[in-house]
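The values are calculated or read from the model by the stated rules, or taken from the named source; none is laboratory data. Fair warning: this is a prediction, and the values are worked out from it, not measured in the lab. Here Cβ is always computed from backbone atoms with ideal geometry, including for glycine, and neighbour counts include all displayed protein chains.
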Amino acid sequence: MASSNTVNVIRYSALIFGVAYGFLHNRTLHKEAADQGLQNKLHKREELIAEAKRQFAANKAAKQEEKNVITDPSSDKFDLEAAIKHWAGEKA
């Protein structure tokens with residue numbers, strides 16, 4: 001049978017190794033969770049930027065369509081109905 005001192009050394013060595021491993025593993029898990037949270041924030045920000053770009057393009061296209069209405073009565077392409085709708089704030 002092994003001496004009592006050898007058993008105690010092995011027991012406490014295993015305990016210290018287990019505590020150190022648990023600490024390092026916990027630290028790794030927390031770091032990965034923080035990195036994943038950062039990635040989620042960046043992905044959400046990219047989605048918001050893309051949505052804002054789509055909205056801006058849609059608004060710009062709508063304003064461009066409004067500018068296509070000819071409001072000069074002396075023009076050959078003048079459309080009275082479209083001009084009145086434009087002045088009233090409606091789309092032609």
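Brief remarks on what is shown
- Residue pairs meeting the criteria (Cβ under 9 Å; at least 6 apart or on separate chains; first surrounded by 10 or more Cβ atoms within 10 Å (Cβ to Cβ), in the stretch 51-65; second of a type in the set (A, V, I, L, M, F, W, C)): Glu65/Ala92
- Selection within the stretch 50-74 - more than 36 Å from the chain's Cα centre (by Cα) and modelled with pLDDT of 80 or more: Ser74
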